[in-house]
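To keep things clear, I will list the structure first and then write my remarks on it.
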Amino acid sequence: MPVDSAVQLVPALLDLPFREGYVRSIIVVSLYVSVLAVTLSTLVSVPVAVLLGFADFPGKRFVKSVINTGMGFPSVVVGLVVLFAVSNQGPLGSLNLIFTKEAMIMSQFVLATPPITAISLAAITGVDDGVRDAARVLGGTRLDVALVVLKEARYGIATAILAGFGRAISEVGSVLIVGGNITSADGISKTRTLTTAIQLEARQGQYQTAMVLGAVLVALVLTVNAVVVRFGDRGVQS
Amino acid sequence: MSIHRRRFVAALGAGAVASTAGCTQLGIGGSDDQAAVAGETLTLTTTTSTYDTGLLDEIHTDFEEMYGVTVDAVAQGTGAALESARNGDSDVVMVHARGLEDEFLRNGYGVNRRDLMFNDFVIVGPESDPAGIQGMDSATEALTAIADAGATFVSRGDNSGTHTKELNLWEAAGTEPGGDWYQETGTGMGEALNVANQQGAYTLSDRGTFISQRSEVDLTILVQGPIEDGPEILANPYGIMVVNPGVHENANYDLGMAYIGWITSPGVQSSISEYQVNGEQLFFPEAVSEDPDFQQYVPEGWSSDGSDA
């Protein structure tokens, strides 16, 4: 049965009712927004996770539960909050960010940061205490110890980044609200991503084309995962 | 290709204008052969029905080339489209719910309203027609029959123009919809048609969306709108307004007015009437008329002597 539907998808792929460059442009927008958002999230999340993993301070448990709660934020709510921020009437209104990729990056940043932080933190605290002790005994500074632990935790951190990427590229609620799902009249995406394109096709009852775009999205996520895992393996050899 | 090249040239033109801005200051014409608005972006919030039928993509290329600008069309549904404009997040709104448009005008958010085009609503349902409404020439009687029969009716439930029309129809019919048979989906027209199709239910649809989706669903038109001699109450007029620059000073008023001027021009109005899906005309232009029509500029029923309610 899966083989049958896969075979049926092939002619559909060849005969998509889209103009030239359309699918390509929505893939580019999806990747641009999600990769940038996840990169920014990682730059914030990993240092925060290291801090939480090494330092003890009052309110640490509270910070942890805030982060864990953040993993469950509905993307639509995040979209609404970002909309209020970037809307003309909002605090960032003068920057004219509404219906732009930058606004989409903002909302995906908010969505991706909690899972990346939480999973990185789990990976860091999961590193065997012996590794820390050994690094300390060998005369490492606090920074050295942190770097050693980070190296040990790299698989977990890669998983964290992939989880964040997965959340970012597959969410539809917030990018639809703050991005507006816009293409130009010649069918080149401005703020339309794969997910919002799927939503648009589904809205019109074009379930078959929606499925094809869904397959493209899965293939894309699979490729990104493969690339990241490959990088991780290379890291082991060096 | 030619489109891209033209855009590139337009961008060059805009760059030239910017680089000489010190000399020309706020010269009205900009450079000799390039409009002063070149390179700007017009944000148009509109309904799913104008967007999903493909009409806007079809006609917008012409406007973009003429002015060297980009039109960002955001398909939101009437309620959301007006809300975006109210927040100053769009420059022009193209919607289809006169009551909501009038409220928008009265609150000072919109100016220069024009009647743009119309089509009509139709009541669609399964061929088996359990409530027996086929061929009725009153939409309200048809709805009453559906309610009396307790036949499933799918409502958009999303504050869209179609939803607003549906609620007005129930009110006119003197029936309060509710109960198991009345289902609010909170989705776009296309999805609502699909839900109705799955459940063998009735729904109210704009003719354009129904035509563009007819091949996908087993629903049929049971009560026609005024285009096919149905009741006038099912008329579906689209209006267009620019956001009031007095309220939102960073709204792109110049370009918005250029857009309204362009889309209500005889040439574009005839492009709208020539636009077809599955061999059928979807929209009927009404901006160009020999006779004056003052009501299009003001809230319905407004008059300067204060007799307005």
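Here, each number is a calculation from the coordinates, and none is a lab measurement. Bear in mind that the values here come from a model prediction, so they are computed numbers and not experimental data. Here Cβ is always computed from backbone atoms with ideal geometry, including for glycine, and neighbour counts include all displayed protein chains.
A few remarks follow.
- Relative contact order, percent, region B:121-234 [alpha-carbon distance under 8 Å, six or more residues apart]: 44
- For region B:179-211 and region A:194-219, distance of Cα centres in Å: 20
- Cα gyration tensor, the protein assembly as shown - rounded (a/c under 1.5), prolate or oblate: prolate
- Relative contact order for region A:2-237, counting Cα pairs under 8 Å that sit 6 or more residues apart, in percent: 28
- Helix-only mean residue ellipticity at 222 nm for chain B, each DSSP H run of n ≥ 4 adding -39500 (n - 2.57), per residue, nearest 500: -11500 deg cm²/dmol
- Rounded to the nearest 20 debye, the dipole magnitude of the protein assembly as shown is 3620 debye, with +1 charges on Lys and Arg beta carbons, -1 on Asp and Glu beta carbons, and the Cα centre as origin.
- Excluding same-chain neighbours fewer than eight residues apart, the lysines reachable from A:Lys101 by a Cα-Cα span under 16 Å are A:Lys190.
- Partners for A:Lys60 among lysines (Cα-Cα distance below 26 Å; same-chain residues under 8 apart left out): A:Lys151
- Helix-only CD estimate at 222 nm, as mean residue ellipticity for chain A, using -39500 (n - 2.57) per DSSP H run (n ≥ 4): -25000 deg cm²/dmol
- Among the GluC sites (Glu not before Pro) within region B:57-150, those in coil by DSSP and having at most 14 neighbouring Cβ atoms inside 10 Å are B:Glu127.
- Phi angles across region B:66-82 convert, under the Karplus curve 6.51 cos²θ - 1.76 cosθ + 1.60 with θ = phi - 60°, into 3J(HN,Hα) values of 5, 9, x, 10, 10, 10, 9, 8, 10, 8, 10, x, 4, x, 5, 4, 5 Hz, Gly and Pro given as x.
- Taking 19 Å as the cut-off, the amide N atoms of region B:176-192 that come nearer than this to a point 7 Å along the Cα-to-beta-carbon line of B:Asn278 belong to B:188-192.
- Per principal axis, descending, Cα span of chain A in whole Å: 65, 50, 27
- Taken along its three principal axes, the alpha carbon spread of region A:169-238 comes to 50, 25, 24 Å, from the longest extent down to the shortest.
- Value of Rg to Rh for region B:121-234 (Rh from inverse mean 1/r over Cα pairs, i.e. Kirkwood): 0.91
- Cα principal axis extents for region A:111-171, largest first, Å: 46, 17, 13
- Between A:Ala215 and B:Gln198, the simple label model (points 7 Å from Cα in the Cβ direction) yields a spacing of 2.2 nm.
- Considering only beta bridges that DSSP places wholly inside chain B, some 65 percent are antiparallel.
- Restricting region B:148-232 to trypsin sites (Lys or Arg not before Pro) in coil, as DSSP defines it, with at most 12 other Cβ within 10 Å: none
- Residue-wise HN-Hα coupling along region A:141-152, computed from phi with Karplus coefficients 6.51, -1.76, 1.60 (Hz; x: Gly, Pro): 6, 4, 5, 4, 4, 4, 5, 4, 5, 4, 5, 5
- The mean number of Cβ atoms from other chains found within 10 Å of a Cβ in peptide B:72-81 is 3, as a whole number.
- Peptide-level mean, for A:182-194, of C-beta atoms on other protein chains within 10 Å: 4
- Among the GluC sites (Glu not before Pro) in region B:214-279, those located in a DSSP loop and surrounded by at most 16 other Cβ atoms within 10 Å of their own Cβ are B:Glu249.
- Beta bridges by DSSP in region B:121-234, antiparallel share as percent, to the nearest 5: 60
- Cα-based helix-to-principal-axis angle, B:161-173 vs chain B, degrees rounded to 10: 40
- FRET efficiency estimate (nearest 0.05) - Cβ-Cβ, B:Ser265 to B:Asn168, R0 35 angstrom: 0.65
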